[in-house]
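For reference, the structure discussed in these notes is given below.
The values are calculated or read from the model by the stated rules, or taken from the named source; none is laboratory data. Predicted model only: the values in this text are computed from it and were never measured. All Cβ positions, even for glycine, are placed from backbone atoms using ideal geometry, and neighbour counts span all protein chains on display. These area figures cover heavy atoms from the full protein model, side chains too; ligands, DNA and RNA do not enter into them. Shrake-Rupley method; radii C 1.70, N 1.55, O 1.52, S 1.80 Å.
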Amino acid sequence: MEKQDKLTSFIKARFPYIYIESYEEDRVVKHIENILNNQLKTSREILVWSQSSGLKNRNKLISNTKSPGQILEFIKKYEQNAIFILFDFHVFFGNNHRAGDNETIRQLRDLIPYIKRSEARKTVIFVSPELNIPQTLEKDIVIYDFNLPNLEQIKDSLNRMISINTKVDSSNLSEEDKDKLCKAALGLTMQETENAFALAMVNDGKLNAKDIKVVLEEKMQVIRKNGLLEYVQTDLDIDDIGGLDNLKKWLLKRNNSWSEKAKKYCIPSPKGVLVTGVPGCGKSLTAKAMSAIWNLPLLRLDLGKIFSGIVGSSEENLRKAIKTVEAVSPSILWVDEIEKGLSGATSSNDGGVSTRIFGAFLTWMQEKTAPVFVIATANNISKLPPELLRKGRFDEIFFVDLPTFNERKEIFSVHLKKRLKDEEVTRDIKPDDENLIRYLAEHTEGFIGSEIEQVVITALCDAFFENRALEFQDFVKAIENTVPLSKTQKEQIVALREWANIRAVSASSKENTENYTNNSDSDNDITLSRGGRRLDI
Ligand code: ADP
């Protein structure tokens, strides 16, 4: 038997008001019709109202009333089984910036007993692109989550479009490519999906593997429009991360955790990781590279924007962002500088909004069933609310420390290979010269990853400026001129380590950490100790 839809349960239980947040009015109405036909025994009329068109049954005008008060009066007096779908009623509800229409809100409350006690079975469904429920009605309105189209629905739509557009040549579109094309559209509304497919078709009159990019680009546009998520595309790979062996191994082991095979092993889906530590040592780099390691889309969430309320109400923002990420799943959600968004969560100077949002985010992280992996990165852990760090929230908390001697060698190697490409520029300097790499690593104790990268860039800049080939001395000078962060922010790093020793696992492997300093006479005590528990993953 088909599983009963939540909406069916709400209607059967005679909830007076149901709220559906969606742009897709047609799809919502079709979904309700579908439910009526297949899951509800009692027959009901579907009456759709909007301020511009009045009340209609399919295309037949039932009442010309455009005022909210009159339509509610109409519902009160209506004596047949019916579902009333009211479009854009949220405009009467007000929000932070705008006062609501008190009379309409009061009228809605007055209507409840009539709906409940009426012989005729009546349900009111609000359909709006924004979730906006006035506090006074919070207890009377139930929210129904109407999801964006799933893969099957997208495939149906593509097949329909292919069959209608007979002039479009889709003979080179393999089943596998078709699947990828449809997956690329996940996260879009049906209208947006169809627009993206239409665009792919009209480009060259053909539909083939190349069009996956067209659809992905359309999706990026849409995600960009909501202003909270950024679709991060990178060509970084695991080899672009120097060191951090433990963290890399951990991530590699969790690849394909959502596969059928993983299900056989009864492995729980990974929730996510929190990566904290010294700034500039590869946290963001790892988040970006993960997308390539796992071959999944990476969406960066700006929690600061969610809280700022610049783009809409905070609650609604979070819901929207989560909905998009889930629709695109399997996916990776990168919460960058999580402390910036959550630091206000424990203070109560915003009327409790931050606390509520923070709670909602944690609950989602804990209970999510969609395959979304969260990678949160944080520089300032002292600002993180303790609830976030409780066991079980994240699968693991990693601490990224100043790179060890071996790690510095690896980071130099990454950046030398990346930038020393032209023989005319590099001449005597070879990017894989072991002696050079050893020298550089030995002389950059206490440097963070980004400072190491900067040494390579500065050396190249000097050579460029003097219009000559790169020389060993350029590196020597670049190193000498760098005052590493570990010197200027020693106290902060010590504090970070103390914190990490109790709560986090070292992102570097044991082998590398034991080899931390290459210089036993080092007077630089910041390079002698390490933060985070040393485990071999
Ligand atoms: P953060 O830890 O503050 O997020 P990033 O990951 O943004 O630091 O690092 C800044 C830049 O420094 C990177 O884009 C990369 O070029 C370089 N870098 C830092 N750590 C590493 C590393 N472990 N391996 C290679 N490059 C690194």
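Please report the relative contact order for the stretch 15-133, taking Cα pairs under 8 Å with a sequence separation of at least 6, and give it as a percent rounded to a whole number.
Values: 181 pairs, mean separation 43.6, N = 119.
Reported as a whole number, the value is 37 percent.
Any idea of the accessible area per residue across the stretch 5-108, 1.4 Å probe, to the nearest Å²?
On the way: 5400 Å² over 104 residues.
Each residue of the stretch 5-108 exposes 52 Å² on average to a 1.4 Å probe.
Per residue, how large is the accessible surface of the stretch 152-287? Use a 1.4 angstrom probe and give square angstrom.
Working: 7110 Å² over 136 residues.
Per residue, the stretch 152-287 has 52 Å² of solvent-accessible surface.
How would you rank 384-396, 265-277, 420-432, 403-415, highest first, on the average number of other Cβ atoms within 10 Å across their residues? Could you put the intermediate results ahead of the total?
Numbers: 384-396: 15.2, 265-277: 18.5, 420-432: 13.0, 403-415: 24.0.
Packing order, densest peptide first, comes out as 403-415, 265-277, 384-396, 420-432.
Using a 1.4 angstrom probe on heavy atoms only, work out the carbon and sulfur share of the accessible area of the stretch 425-464 in %. Each step should come with its number before you reach the end.
On the way: 1010 of 1930 Å².
The C+S portion of the solvent-accessible surface of the stretch 425-464 is 52 percent.
Along the Cα→Cβ direction, 7 angstrom out, place labels at residue 80 and residue 252. What is the inter-label distance in nm?
The modelled label-to-label distance comes out at 6.8 nm.
To the nearest 20 debye, what charge dipole does the chain have about its Cα centre, counting +1 at the Cβ of each Lys and Arg and -1 at the Cβ of each Asp and Glu? Mind dumping the intermediate values first?
Details: 75 positive and 78 negative charges, 581 e Å.
Here the size comes out at about 2800 debye.
Does the stretch 315-470 classify as rounded, prolate or oblate by the C-alpha gyration tensor (a ≥ b ≥ c root eigenvalues; a/c under 1.5 gives rounded; else a/b over b/c gives prolate, otherwise oblate)? Mind showing how you got there, number by number?
Working: a/c = 2.82, a/b = 2.50, b/c = 1.13.
Prolate, because a/c is 1.5 or more and a/b exceeds b/c.
What aspartates and glutamates could a cross-link reach from residue 487, if we take a straight Cα to Cα line under 16 Å and drop same-chain neighbours fewer than 8 places away?
Within the straight-line cut-off, residue 487 pairs with 401, 445, 451, 523, 525.
Sequence neighbours fewer than 8 away in the same chain don't count; with that in mind, list the lysines whose C-alpha is under 17 Å from residue 210.
List returned: 178, 180, 183, 219.
Using the Cα centre of the stretch 191-317 as origin and beta-carbon charges of +1 (Lys, Arg) and -1 (Asp, Glu), tell me which of 198, 291, 274 is placed farthest towards the positive end of the dipole.
The residue sitting most towards the positive pole is 274.
If each residue of separation counts as 0.36 nm, what is the full-extension length gain between residue 217 and residue 99 once their alpha-carbon separation is subtracted?
On the way: separation 118, 0.36 × 118 = 42.48 nm, distance 3.85 nm.
Extending this stretch completely gives an extra 38.6 nm.
Expected output is a single nm value to one decimal: the length gained when fully extending between residue 164 and residue 6, i.e. 0.36 nm times separation in residues minus the C-alpha distance. What is it? Could the numbers behind the result be given before it?
Details: separation 158, 0.36 × 158 = 56.88 nm, distance 3.39 nm.
Extra length from residue 164 to residue 6 when fully extended: 53.5 nm.
Considering the zone a paramagnetic label at residue 119 would reach in this model (a point 7 Å from Cα along the Cα-to-Cβ line), which residues of the stretch 39-71 have amide N under 19 Å from it?
Of the residues in the stretch 39-71, 42-45 have backbone N under 19 Å from the label point off residue 119.
With 30 Å as the limit, write out which pairs from 253/391; 122/305; 206/263; 383/409; 340/421 have Cα-Cα distances beyond it, or answer none.
Values: 253/391 20 Å; 122/305 40 Å; 206/263 38 Å; 383/409 33 Å; 340/421 39 Å.
The pairs that break the limit, which is 30 Å between Cα atoms, are 122/305; 206/263; 383/409; 340/421.
Report the full-extension gain for the segment residue 495 to residue 465: residue separation times 0.36 nm, less the Cα-Cα distance, to one decimal in nm.
Numbers: separation 30, 0.36 × 30 = 10.80 nm, distance 4.04 nm.
Answer, rounded to one decimal: 6.8 nm.
Distance in nm between label sites at residue 235 and residue 389, each 7 Å beyond Cα in the beta-carbon direction?
4.0
Can you send over the carbon and sulfur percentage of the accessible area for the stretch 81-240, probe radius 1.4 Å, protein chains only?
44
Is the C-alpha gyration tensor of the stretch 158-207 telling us rounded, prolate or oblate? Criteria: a/c under 1.5 is rounded; beyond that, a/b larger than b/c is prolate, otherwise oblate. Before the final figure, lay out each step's value.
Working: a/c = 1.81, a/b = 1.25, b/c = 1.44.
It is oblate, given that a/c is not under 1.5 and a/b is not larger than b/c.
Which of the peptides 68-75, 26-33, 233-240 is most tightly packed, and how do the rest follow, going by the mean number of other Cβ atoms within 10 Å of each residue? List each step's numbers first, then the result.
Working: 68-75: 18.4, 26-33: 16.8, 233-240: 13.6.
Going from most to least packed, we get 68-75, 26-33, 233-240.
Mean shadow of the chain, computed from the convex hull of its alpha carbons, in nm²?
Values: hull surface 126.5 nm².
Mean orientational projected area (the chain, Cα hull): 31.6 nm².
Rolling a 1.4 Å sphere over the protein heavy atoms, what is the accessible area per residue of the stretch 347-486, to the nearest Å²?
On the way: 6770 Å² over 140 residues.
Ligands and nucleic acids excluded, the figure is 48 Å² per residue.
Quantify, in whole percent, the carbon and sulfur part of the accessible surface of the stretch 23-72 (1.4 Å probe; protein heavy atoms only).
Numbers: 1280 of 2910 Å².
C and S fraction of accessible area: 44 percent.
Work out the FRET efficiency for residue 260 and residue 433 from their Cβ-Cβ distance, taking R0 = 45 Å, and round it to the nearest 0.05. Don't skip to the end; give the middle numbers.
On the way: r = 47 Å, r/R0 = 1.03.
For R0 = 45 Å, the calculated efficiency reads 0.45.
List the lysines whose alpha-carbon lies under 17 Å from that of residue 116, not counting same-chain residues fewer than 8 positions away?
Counting by Cα, and skipping residues close in sequence, residue 116 has these lysines nearby: 12, 76, 77, 139.
Based on alpha-carbon centroids, what's the gap between the stretch 284-306 and the stretch 92-128 in Å, whole number please?
Comparing the Cα centres of the stretch 284-306 and the stretch 92-128, I get a distance of 41 Å.
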